[in-house]
Each structure stands twice: as structure tokens, then as C-alpha cells.
Amino acid sequence: WWFNMIIKRIKINNFRSHVDTEVGFQNGVNIILGENGAGKSSVLEAIFGALYAGHPSLKNWESNKIRVGSSKYNLELDFEYDGKHYKIIRSGDHQQIYEIINQHPHPITTGGKRNVALYVDRAILPMHLFKNAVYVKQGEIEKILSDDDEREKIIKKILEIDKIDDRITTLTKLINYY
């Protein structure tokens with residue numbers, strides 16, 4: 001179900017190394033190429049921040065994201081999910097997710113970082129799936145492609161099977177104890 005999300009555009013202002021950047025995405029797989037330090041990873045961090053900044057599990061996430069010399073960052077993320085168009089705006093006090101209907105924005109939440117993040121996490125794309133499946137960290141592709149044991153570990157992490165395995169072990173110990 002979460003494959004129904006298609007990121008269309010991210011606009012980044014005063015976020016990490018980006019002064020004013022706009023990146024458009026096509027349907028399918030997109031590859032971001034550039035020199036070391038060009039801000040490739042920051043584009044993915046900006047997408048993550050647009051979706052989840054303010055999430056209760058992300059303490060101090062924003063502490064080093066504002067570009068040096070700036071007072072705030074601005075992010076605009078346009079995406080499609082389940083056939084509907086959405087826009088998330090993260091700009092100082094303006095924190096909102098909109099459904100775009102007939103080219104007009106309609107607010108979904110009451111606003112605020114936390115409300116936007118929790119809405120996205122619960123109704124669109126759970127944060128753990130983005131972190132573990134959508135955003136593939138440098139070096140992990142090689143592990144997935146070359147090592148069966150590593151591939152199994154990564155898939156278990158994505159699907160949170162490792163947590164289920166831990167709970168089964170705990171329950172088995174409790175049952176055997178009694």
C-alpha cells in the first residue's frame with residue numbers, strides 16, 4: 001500500500017548546504033548524482049524532514065539542519081498518494097499538510113509540526129518504512145545485493161520482523177517458565 005506514494009517535487013531553502021534548491025522527480029526510480037559534499041544526502045534529509053519533522057520520536061532532529069547564517073529553513077514537498085495530490089509546507093510557524101483539490105489547497109490537520117508528522121506517519125507512510133526501505137543509506141545496496149545474511153537482516157529490519165522474533169522468544173520463555 002505504501003508504494004502508492006510518488007514524490008513529485010521538493011523545494012529546499014536554507015536547509016543544510018542548500019540556499020534555494022528545487023528538485024523534480026519522475027515516476028519510477030530516481031537517482032541523485034553529484035560530487036561529494038554537493039548536498040545529495042541533504043535532498044533526502046529534506047524529504048524526510050518535510051514528512052516527519054516534529055515527530056515525537058525525533059528529538060533534536062532539527063538542531064543542525066538550518067543553514068549557517070539563516071534563522072529558519074523552508075521545505076515544500078509535493079507528492080501523490082493513493083491517487084490524491086498533497087503538499088507539505090514547513091516554514092517557521094507555518095507547518096501544514098494540504099490535499100490539493102482542483103488546484104486549491106485544503107488543510108488536512110490543524111497545523112503544527114507534530115500534527116503533520118503524526119498524520120503522515122499514521123495515514124500515508126509510516127516513518128520506519130521510509131527510514132528502512134525508501135531511504136537506502138550509502139553502502140547498504142552492496143550488502144543487499146551481495147550477502148544473503150545481510151539481505152535477510154535488512155528485510156527483517158524493514159518489516160520489523162526482528163521485533164516480532166524478540167517477542168516470540170520472550171513469550172516462549174514465559175510459557176516455559178509457567
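Return yes when S17 is at pLDDT 90 or above and polar (S, T, N, Q) and no when it is not. No: the conditions fail for S17.
On the given criteria, is H94 of a type outside the set (K, R), open to solvent by 40 Å² or more (accessible area, probe 1.4 Å) and modelled with pLDDT of 95 or more? No; evaluated as a whole, the condition is false for this residue. Can you tell me which residue within region 106-129, out of those that are touching a residue at least 24 places away in the same chain (Cβ under 8 Å) and open to solvent by 70 Å² or more (accessible area, probe 1.4 Å), is farthest from L77 (Cα to Cα)? So the residue we want is R114.
Condition check ((1) touching a Lys or Arg at 6+ places or on another chain (Cβ under 9 Å); (2) in contact (Cβ under 8 Å) with a residue 60 or more places away in the chain; (3) of a type in the set (S, T, Y)) across all residues:
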residue: L51; (1), (2), (3): no, yes, no
residue: H55; (1), (2), (3): yes, yes, no
residue: S63; (1), (2), (3): no, no, yes
residue: E80; (1), (2), (3): yes, yes, no
residue: K84; (1), (2), (3): no, no, no
residue: I88; (1), (2), (3): no, no, no
residue: G92; (1), (2), (3): yes, no, no
residue: I100; (1), (2), (3): yes, no, no
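Could you tell me whether any residue of region 141-154 is modelled with pLDDT under 75, closer than 24 Å to P56 by Cα and assigned to a loop (DSSP other than H, G, I, E, B)? Among the residues of region 141-154, not one is modelled with pLDDT under 75, closer than 24 Å to P56 by Cα and assigned to a loop (DSSP other than H, G, I, E, B), which makes the answer no. Restricting Y81, Y86 to residues that are touching a strand residue (DSSP E or B) at 6+ places or on another chain (Cβ under 9 Å), at pLDDT 95 or above and of a type in the set (S, T, Y) narrows the list to Y86. Taking the criterion of being on the phi < 0 side of the Ramachandran plot and within 14 Å of the chain's Cα centre (by Cα), would at least one residue in region 24-32 satisfy it? Checked region 24-32: no residue is on the phi < 0 side of the Ramachandran plot and within 14 Å of the chain's Cα centre (by Cα).
When K59, K65 are screened for being open to solvent by 30 Å² or more (accessible area, probe 1.4 Å) and not hydrophobic (A, V, I, L, M, F, W, C), only K59 passes.
The values are calculated or read from the model by the stated rules, or taken from the named source; none is laboratory data. These numbers come from a predicted model, not from an experiment. Every residue, glycine among them, receives a Cβ derived from its backbone with ideal geometry; neighbour counts consider all protein chains shown. Just so you know, the surface numbers come from the protein's heavy atoms only, side chains and all, with ligands and any DNA or RNA stripped out. Shrake-Rupley method; radii C 1.70, N 1.55, O 1.52, S 1.80 Å.
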